[in-house]
Amino acid sequence: MTLLEIKNLSLSIHNIDILDNITLSVGAGEIVAITGESGSGKSMTALAVMQLLPKGVTTTGQIILNDRVLTELDEPDLCNIRGNDIGMVFQEPMSALNPVHTIGQQVTETIRIHDRSVSRQEAKNRAVETLNRVGLPQDQFPLSRFPHELSGGQRQRVVIAMAIALRPRLLIADEPTTALDVTTQGQILNLLKKLAQEGGMGLLMITHDLAVVADMADRIVVMRAGKIVEQGDTNHLLQNMQHPYTKMLFAASGHQVSLPPITPKLPLLEVKGVVREYRLPRTKIFSTPRTFRAVNDVSFSIRRGERVGLVGESGCGKSTLTRAILGLDQVQSGVISVDGAPVFSGGHPNLDVRRKMQVVFQDPFGSFNPRHRVDRLITEPFHLLADPPKGTARTRAIDEALLAVGLTPQDANKYIHEFSGGQRQRIAIARALIIRPDLILFDEAVSALDVSVRAQILDLLAELCEAYNLTYLFISHDLSVVRTITDRVLVMKSGKIVEHGETTSVFENPRHPYTRALIAAAPVLPDLSQAIA
Amino acid sequence: MKRNLFIGSALTAVFILAALISFVWTPFDHAVLNIPNKLQTPNGTHLLGTDHFGRDILSMIMVGARTSIAVALVAVGIGMGLGVPLGLWAAARQGSWMDELIMRGNDLVFAFPSLVIAILITAIFGAGAVNAIIAIGIFNIPVFARITRGAALSLWQREFILAARVAGKSTGRISVEHILPNVTNLLIVQGTIQFSLGILAEAGLSYVGLGAQPPLPSWGRMLADAQTMVSIAPHMALVPGFAIILMVLGLNLMGDGLRDYLDPRLRVVRA
Amino acid sequence: MLRYTLKRLLSLLISLAVASLVIFVVIEVAPGDPASFMLGMNAQPETLAALRSELGLDVPKVQRYFAWVSGMLSGDFGTSYTYRTPVIDMISGRLWVSLPLALYALVLSSLIAFPAGIFAASRRGQAGDISVMGATQLGVAVPNFWFAMILVLVFAINLRWFAAGGFIGWNNGFWVGLHALTLPAIALALPQAAILARVMRSSLLDVLGEDFMRTARAKGLSERQALWRHGLRNALIPVLTIIGLQFSFLLAGSIIIEQVFYLPGLGRLVFQSISARDLIVVESIVMLLVFSVIMVNFLVDLAYAVVDPRLRSRT
């Protein structure tokens, strides 16, 4: 039975086309996933179903929910449908809840807004029951909790509770797990799946993560630049991809690179017994301040030529460790040294050591000063050199670095806003390469990129390994990326390294329970080598 | 909207031009008393009328613009000159005792409205335009320190600052090279707003006798003179009042226009 | 919440201590000897010494500071140099004009600004928004004392609805007193209301762009319901800051406005005292003004915690 039907939906904002002739349907109890890269229009499709579009949007076509044409209803009728017949879950659980209301108030609001006859007490009882259903039992999570007292995953459960409190027939989930850790992601996905099965509720899922799609969906809709390029039953589509874009997308998603073999030599980076603590705000006025150990007695080493991964979930201390290695923060105890010299000595970062390291950050938009040109941006590390190249030598270094990352020397005179996200990440790599560092840290360097761009950057890294004999530490939460781009891997949890070893052996035979949980929770693409080829 | 910027800059330019011209020419000598001509309403000879001593109001407005603009401009200079470095410094050392000291000091200065500072200064040194400058200037310091620190703090979180630190640059150098250029727009816009507030504050201080002293003409004192005459010669109150309103309006429109032009997301404070 | 309050209270006390020290140093230490000020250049050394001991100036400065502070705590602000009467008597009567005036203006300003700001924000970019914003742009530019003169001209001199000035006190009833303070309060309030309305509008617009507003709409709340239930309280946080700041401007502004309306408030007293070089009165009034500003900021801090639960549990 068809629950939701979108017929020939086109949408434009101020004459710029966003969606072009979208037709799809969701049945009761069915999970349909819309997938695609950024700018594909998948989120706009979800908002169109909710009829919560930005001002200035013109639409044509129809959206039909159970014989009611949503595109023709007036605002009061739509308000009755939203929250009642359609629930929606958003990407950012941190900001999707009102910070000044309790979770109880926010869940009961859904109930009472649609039916004033429900008493406050009755609404509360139903809120308790709904929170129970999403895994937030009363004894641990009373209605009086405020959002800031919950973790990201718990907040997302509250958002889901708000969306399903009235048992809507359709639930729309827009990237519901993108902001969450991999283990939490697994739990939330299972919850959504369970809710859809229990109530015969249709679930329209928007996600960029193809592994999630393959794992969850009954049907897949692939979108690109506002158009549907392909849709069909999950199993059928995965085995019989027709459109080249679909094939490219799935191929890029499971992209593997082959790193040149290495012959590890002497140790380059040595981390010994490192502890980094933060002071916590005092809970009582005269109590001694408590401390939080973000990095707890961590030791490891990287030999010259090695490519090492560091994986862990948010808050595990991997960012703190990165900052300590870069000499940005002083550690409380332990030693970090490069080629035997400590990165921090006498309370000051050691510049001789710093010039041996460079870093590539996650955010391709925030890691460049918007007011400088590319040549100035990528030569910033020259500041570390006693005798930085000048004149033609400088130009030559710039040209060489840009060419190495697949850009042209002409790009040196442009400003950063003239580049796409993937190009910016190339520039960030050029900046890291320009002083020929001994060690590069990649801090979630491909996490913000679309899969197709990510595949290109991974290829670039493999090429650079060949050309420059890179040694790097690749910090990431994404297991599939770490698996292909590193020789050895460290698994971090609560400030400690719980497991380390050869990448392949850790992934194939994880010994620590946490590593096992991590690997088990990560959704995996089925083997599609046949279908993609 | 470009319109705001245009109207605002035009209004501001008119007053600055009038102030500059007054150095070489005014329709009449603003200081010469001419009792027989007193209390004329605006007419062909005296375009904006005369006051109770027969002085030409247009000439007084032109010369008074000098005082207003000079006081407000220098006060903005003091506020920026001290507030911006303090704000940059506090942000660079976020959470340290230095940051805490600067911010608590700011809070303390905020507890002394410029009028109160003017009262204190006048009580000791006597009244004068310089006191007005100092009083308004001191009050401007925490305004600039706060907005600079706020904007700088969010910049310090950005990865390009981290990249500069990885390149071994010192906090001072990063503040000047990366932070300052990225807060300039904000400072320009806030500077225009403080300029307009300075014009208002100068008028208020002069009105109660804590600002410019005779014979230095000022819009605030013209209003003080007009007060007793308001029922028989309303133009004496209306003209300087409109001068203040138009000048402040011009600056504010210019500030809004500049913000929209430079960066609509800038957070400026107006209090 | 208790922790937060105590912490704010501590910072309040420190602010007061530092402020009093600043005022004491500026007025009593910097300019030299108040006694020679009072007696002029040609005073006899004996008379000077006698006056100095009468005023308590012959004790060390540190001791004098603590005497001054502890005096204030017990309600003794010292004795006026000029009138030889206790300062507290001179101030207390005046306070009952200035403080109610500032509060009255604050209430008026909020009453005007809140609806105006909400109205403008909910009609963003439409004619209503543009006209309200135009009016506030003008309101921000009007000097309050000039506006006061115009109000006197129109409502007192021409229409005769209000007296042109003066204040006979609260003894003739609350409403009579309030009526006398109405024109000054309007003059004070309107320019501040213009600022507050702009802040209210932009703060609301910021909140309207937040994710949780979209969540509220997805629950089935209409635009208006979402604004009232979820937008307003969150938008209030920056608005509270401005209200706190405005109180100090209103208090300072009331000193100026009192000149226009010949009100017997702190303003007139402070100007008289300045010209009479009665520094101890100036000092007391300045301290009182600064005290009220710091006090209001403390109350604003507490109000934050009421509005924002995150502050209650943190720090």
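Within a straight-line Cα-Cα reach of under 25 Å, A:Lys124 can be paired with the following lysines, leaving aside sequence neighbours fewer than 8 residues apart in one chain: A:Lys194, C:Lys219. Residues of segment A:313-357 that bury at least 20 Å² of accessible area when the other protein chains are present, relative to the chain alone (probe 1.4 Å, heavy atoms, ligands and nucleic acids excluded): A:Arg323, A:Leu328, A:Arg354. Chains A and B together bury roughly 1800 Å² of accessible area, counting both sides, with a 1.4 Å probe on protein heavy atoms only. Between A:Asp115 and C:Leu13, the FRET efficiency estimated from the beta carbon spacing at R0 = 51 angstrom works out to 0.50. For segment A:438-530, what does the alpha-carbon gyration tensor say about shape, rounded, prolate or oblate, given a ≥ b ≥ c as the root eigenvalues, a/c under 1.5 as rounded, and a/b over b/c as prolate? It is oblate, given that a/c is not under 1.5 and a/b is not larger than b/c.
For segment B:62-230, the fraction of 1.4 Å probe accessible surface lying on carbon and sulfur atoms is 68 percent.
Please give the net charge around C:Gly231, taking every other residue with its beta carbon less than 15 angstrom from that of C:Gly231, where Lys and Arg add +1 and Asp and Glu add -1. Summing Lys and Arg as +1 and Asp and Glu as -1 gives +3. Here the convex hull built on the C-alpha positions of segment C:92-277 has a volume of 138 cubic angstrom per residue. What FRET efficiency comes out for A:Arg376 versus B:Leu246 if R0 is 56 angstrom and r is the Cβ-Cβ distance? Round to the nearest 0.05. For R0 = 56 Å, the calculated efficiency reads 0.80.
Relative contact order (percent) for segment A:345-437, with alpha-carbon contacts under 8 angstrom and 6 or more residues of separation?
43 percent.
Dividing the helix sum by the residues of chain B, where each DSSP H run of 4 or more adds -39500 (n - 2.57), gives a mean residue ellipticity at 222 nm of -23500 deg cm²/dmol.
Magnitude of the Cβ-charge dipole of segment A:262-391, K/R +1 and D/E -1, about the Cα centre, nearest 20 debye?
Charge dipole of segment A:262-391: 240 debye, to the nearest 20.
Over segment C:92-277, what is the relative contact order in whole percent, taking alpha-carbon pairs under 8 Å and six or more residues apart? Present the calculation step by step, with values, prior to reporting the outcome.
Details: 218 pairs, mean separation 66.2, N = 186.
Computed over segment C:92-277, the figure is 36 percent.
For C:Leu57, no residue whose modelled amide H falls within less than 5 Å of its own remains once neighbours fewer than 5 places apart on the same chain are excluded.
Backbone amide hydrogens, once placed in the peptide plane, bring A:Asp438 within less than 5 Å of A:Met357, excluding anything fewer than 5 places away on its chain. Straight-distance candidates among the lysines for linking to A:Lys272, with alpha-carbon spacing under 23 Å and chain neighbours fewer than 8 residues away dropped: A:Lys318, A:Lys356, A:Lys493, A:Lys496. Projected label points at B:Arg3 and A:Asp74, each 7 Å from Cα along the beta carbon direction, are separated by 3.3 nanometres. Which whole-Hz ³J(HN,Hα) couplings does segment C:289-303 yield from phi under the Karplus relation 6.51 cos²θ - 1.76 cosθ + 1.60, θ = phi - 60°, glycine and proline marked x? Coupling constants for segment C:289-303: 4, 5, 4, 5, 5, 5, 4, 5, 5, 4, 4, 4, 4, 5, 4 Hz.
Interface B-C: total buried accessible area of about 3900 Å², 1.4 Å probe, protein heavy atoms only. Can you give me the Cα centroid spacing of segment A:12-44 and segment C:282-298 in angstrom? Centre-to-centre (Cα) distance: 60 Å. Helix A:244-253 and the longest principal axis of the C-alpha atoms of chain A enclose an angle of approximately 60°.
Counting only residues at least eight positions apart within a chain, or on another chain, the lysines with an alpha carbon under 19 Å from that of C:Lys7 are A:Lys284.
Remark on A:Lys493: its backbone amide H falls under 5 Å from those of A:Val498, a criterion applied only to residues 5 or more positions apart or on other chains, H modelled at 1.01 Å from N.
Given a 1.4 Å probe and no ligands, DNA or RNA in the count, how much accessible surface is buried by A and C, both sides, to the nearest 100 Å²?
Values: alone 24570 and 16850 Å², together 38910 Å².
In total, this chain pair buries about 2500 Å².
Based on Cα contacts under 8 Å between residues 6+ apart, chain C shows a relative contact order of 27 percent.
Dividing the helix sum by the residues of chain A, where each DSSP H run of 4 or more adds -39500 (n - 2.57), gives a mean residue ellipticity at 222 nm of -10000 deg cm²/dmol. Considering only A:Val69, A:Ser40, A:Gly29, the residue lying farthest towards the positive end of the dipole of segment A:17-89 is A:Ser40, judged by Cα position with unit charges set on Cβ. Projecting the Cα atoms of C:Ala216, C:Ala197, C:Thr136 onto the dipole axis of segment C:92-277, where Lys and Arg carry +1 and Asp and Glu carry -1 at the beta carbon, places C:Ala216 farthest toward the positive end.
Per residue, the accessible area of the protein assembly as shown comes to 42 Å², computed with a 1.4 Å probe over protein heavy atoms only.
Most tightly packed first, judged by the mean number of other beta-carbon atoms within 10 Å of their residues, the peptides A:405-415, C:224-234 read C:224-234, A:405-415. Buried on complex formation within segment B:120-140 (loss of at least 30 square angstrom of accessible surface versus the isolated chain, 1.4 Å probe, ligands and nucleic acids ignored): B:Leu120, B:Ala123, B:Ile124, B:Phe139. For the Cα atoms of chain B, what angle does the longest principal axis make with the long axis of helix B:129-156, in degrees from 0 to 90, nearest 10? The angle comes out near 30 degrees.
Ordering A:Ile172, B:Trp97, A:Ala127 by Cα displacement along the dipole of the protein assembly as shown toward the positive end leaves B:Trp97 in first place; charges were set at the Cβ atoms of Lys, Arg (+1) and Asp, Glu (-1). Magnitude of the charge dipole for segment C:92-277, about its Cα centre and with charges confined to Cβ atoms of Lys, Arg (+1) and Asp, Glu (-1), is about 200 debye. Backbone phi angles across segment A:9-20, fed through the Karplus curve with coefficients 6.51, -1.76 and 1.60 (θ = phi - 60°), yield HN-Hα couplings of 7, 10, 8, 9, 10, 6, 6, 9, 6, 10, 10, 10 Hz in residue order; Gly and Pro are listed as x. Quick one: what does P(r) look like for the protein assembly as shown with 10 Å bins over all Cα pairs, in whole %? Each 10 Å bin holds this share of Cα pairs: 2, 8, 15, 18, 18, 16, 11, 8, 4, 1, 0, 0.
The values are calculated or read from the model by the stated rules, or taken from the named source; none is laboratory data. Predicted model, so just to flag it, every value in this text is computed and none were measured. Cβ: placed from backbone, ideal geometry, glycine included. Neighbour counts: every protein chain shown. SASA here: full protein model, heavy atoms, side chains in, ligands and nucleic acids out. Shrake-Rupley method; radii C 1.70, N 1.55, O 1.52, S 1.80 Å.
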